[in-house]
Amino acid sequence: MLLIAFAVARPALAQDTSQPTGTIGIEDSAERDAAIATRIREILAQLDGYDDVTVTVSSGIVTLRGTTLDGPAATRLSELVGRVEGVVAIENEVSETTDVAKRLNPAMQRFSKRMQQLVAYLPLAGVALGAFLAVVLLGFFLARLKRPWNRLAPNAFIADIYRQIIRLTFFVAGIVVALDILNATALLSTILGAAGIIGLAIGFAVRDTVENFIASIMLSIRQPFRPNDTIEIGGDIGNVIRLTSRATILLSFDGNHIRIPNATVFKSRIVNYTRNDERRFLIDFGVAYGTDLMAAQKIAQDTLESLPFVLDRPKANVWIEALEDSSVTLRCTAWIAQHESSYVAARGEAIRVVMAALTNAGVEMPEPTFRILGPGGAEPASDRPADKPPVAVQPTTAQSVAADMENQLEELVEGERKNTRKDLLTDKALSE
């Protein structure tokens, strides 16, 4: 029912309510009506789409009947006829045609005309395409050169970014040149606007990836660590294997790979244990409350200073750190050249030697004790062991402190680095 009502209403919709304005004369002439009709027919004959429209004029009233290809054409017909001199009123009964052949013929004509225009534009389009390819190929040729970009960039990763920028710049320049040849530069703003909207949408969708990429650029420039450095990032400790465009790869002391996103690395607190050659180790010893603390301090400090791998400056130190439940804590610190001596082995050797020196001096290092009262509050007999013989301490050298474990870990890292191609870290780059 809605379709029928719409079909019935279409002729009424096509009729225009606008009528000629002005004063209506009192004279009525058949010759004048014929002249008006002839003039309107001549005008319609020069326009497309009004071949089926008939015109009759009586007493200055123009009646239009027939069909047009579309509704707006019928509306324009009323405006056109109203401009003819002598027209008093217009009865526009023209409707939109439903003949399939008549509707398709103009479309086919437009398609044929556009094909002819396309063929005529082919030589110019070929020139524009040739100019576009020439500009793009020039950009790719310049991007492939190694000397300027590798010299300007701090590392290979930044050099590749320079090359990508050059390619993109020449690609956009090629589009501009081609559109200028075709005299269609107005399309450039549309293309750039669409590209901006698409880029904004993609940027929100891959925000984390873009953040990691930007962090990779900053890390590759600043180089806060080098290959095989022992670092700590957010509680994860290991040796650096490589820095990629997305993540930093560590090898933990257990042999596990730790992959940390570069955005996290860039924003986190980084502790580099390898950058400075001098490194301090710390040892705590608990001695009994009856111990001569000054003598125990001197024994521990003299023992640390006598070790061959301990540096003279900064100087080794021993001080009283805390009072525990059953002991007094002595804190011992000393410095080593960690690039020559293993930190782990040096600390372990220092514990062994200082502990032996304190034991030989009779310094008691008690375990946590509890007082147990028997029936009636009586204390049980003492189970204190008899005096032990002195502990023999063999001298050590810096070479004996080198740990095979750390050397093997470095070998694993070097093997991992040989099996990868993409690494943003380099020993030649400047570091912060």
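Every number in this text was worked out from the coordinates using simple rules, so none of it is lab data. All of these numbers come straight from a predicted model, not from anything done at the bench. Methodologically, a virtual Cβ is constructed for each residue, glycine included, from the backbone with ideal geometry; neighbour enumeration extends over all protein chains shown.
Quick notes on this structure:
- Likely footprinting exposure, 217, 191, 40, fewest C-beta neighbours within 10 Å first: 191, 217, 40
- ³J(HN,Hα), Karplus 6.51/-1.76/1.60, whole Hz, each residue of the stretch 249-255, x for Gly, Pro: 9, 10, 10, 6, 5, 8, x
- Range of Cα positions in the stretch 304-349 per principal axis (Å), largest first: 39, 20, 15
- Taking 0.36 nm per residue of separation and subtracting the current Cα-Cα distance, fully stretching the chain between residue 51 and residue 324 would add 87.0 nm.
- The Cα trace of the stretch 52-149 gives Rg and Dmax of 27.4, 91 Å, the first to one decimal, the second as a whole number.
- Amide proton proximity set for residue 248, modelled H, under 5 Å, gap of 5+: 260, 262
- Proportion of all alpha-carbon pairs of the stretch 150-215 beyond 15 Å (%): 68
- Evaluating 6.51 cos²θ - 1.76 cosθ + 1.60 at θ = phi - 60° for every residue in the stretch 72-77, the Karplus couplings come out as x, 5, 5, 5, 5, 4 Hz, glycine and proline recorded as x.
- Using only the C-alpha atoms, the convex hull of the stretch 106-205 corresponds to 136 Å³ per residue.
- Whole-Hz ³J(HN,Hα) from phi, Karplus 6.51 cos²θ - 1.76 cosθ + 1.60, for the stretch 184-196, glycine and proline x: 10, 5, 5, 6, 5, 4, 5, 5, 5, x, 5, 5, x
- Pairwise FRET efficiency - residue 91 versus residue 38, Cβ, R0 = 25 Å, nearest 0.05: 0.85
- Annotation for residue 298 and residue 129: the two label points, set 7 Å from Cα along the Cα-Cβ direction, are 9.7 nm apart.
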